[in-house]
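K.L.:
Got a structure here, written out as structure tokens. Questions coming.
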Amino acid sequence: MKENMDCNIVTDLMELSLDGLTSEESEQLIQEHIQSCKKCRKYRELLITERQEREKNEQENDKKIF
């Protein structure tokens, strides 16, 4: 149960972490957790990939406008 609770907390904080908005303590908790949790590590990778795709699409759309 505790592991699942840790996963829930980490995934709730993940986007804030990627935005650089978590405290040092929260960031440390996240980093320690993803070192040992493949599920959360994959989730973080997915979020990063989605963000990169979204940014790429936004840049392409900006080029079409100008």
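K.L.:
List every residue pair whose Cβ atoms sit under 6 Å apart, with the two residues 6 or more apart in sequence or on different chains, where the first one lies in the range 14-37 and is closer than 16 Å to ILE48 by Cα and without any contact (Cβ under 8 Å) to a residue 40 or more places away in the chain and the second, anywhere, is in a loop (DSSP other than H, G, I, E, B) and open to solvent by less than 80 Å² (accessible area, probe 1.4 Å).
P.N.:
LEU16/THR22
K.L.:
If we keep just the residues of the range 8-31 that are of a type in the set (Gly, Ala, Ser) and surrounded by 15 or more Cβ atoms within 10 Å (Cβ to Cβ), which is farthest from the chain's Cα centre (by Cα)?
P.N.:
Looking at residues that are of a type in the set (Gly, Ala, Ser) and surrounded by 15 or more Cβ atoms within 10 Å (Cβ to Cβ), I get SER26.
K.L.:
Is it fair to say ILE34 is part of a helix (DSSP H, G or I), in contact with a Lys or Arg (Cβ under 8 Å, 6 or more places away or on another chain) and surrounded by 13 or more Cβ atoms within 10 Å (Cβ to Cβ)?
P.N.:
Considered against the rule, which asks whether it is part of a helix (DSSP H, G or I), in contact with a Lys or Arg (Cβ under 8 Å, 6 or more places away or on another chain) and surrounded by 13 or more Cβ atoms within 10 Å (Cβ to Cβ), ILE34 comes out as yes.
K.L.:
Moving to a separate point now. Look at LYS2 and say whether it is of a type in the set (Lys, Arg) and modelled with pLDDT of 95 or more.
P.N.:
So LYS2 does not fit the description; no.
K.L.:
Under 8 Å between Cβ atoms, at least 6 apart or on separate chains: pull out the pairs that start in the range 45-61 with a residue that is of a type outside the set (Gly, Ala, Ser) and end on any residue that is surrounded by 10 or more Cβ atoms within 10 Å (Cβ to Cβ).
P.N.:
From the range 45-61, the pairs are LEU47/MET14; LEU47/GLU15; LEU47/LEU18; ILE48/LEU18; ARG51/LEU18.
K.L.:
Given the criteria modelled with pLDDT under 95 and open to solvent by 90 Å² or more (accessible area, probe 1.4 Å), does GLU58 qualify?
P.N.:
Answer is yes for this residue.
The values are calculated or read from the model by the stated rules, or taken from the named source; none is laboratory data. Keep in mind that this is a model prediction, so the values were computed, not measured. With ideal geometry, Cβ positions are generated from the backbone for all residues, glycine too; neighbour counts draw on all protein chains shown. To get the accessible areas, we keep the full protein, side chains included, count just its heavy atoms, and leave off ligands, DNA and RNA. Shrake-Rupley method; radii C 1.70, N 1.55, O 1.52, S 1.80 Å.
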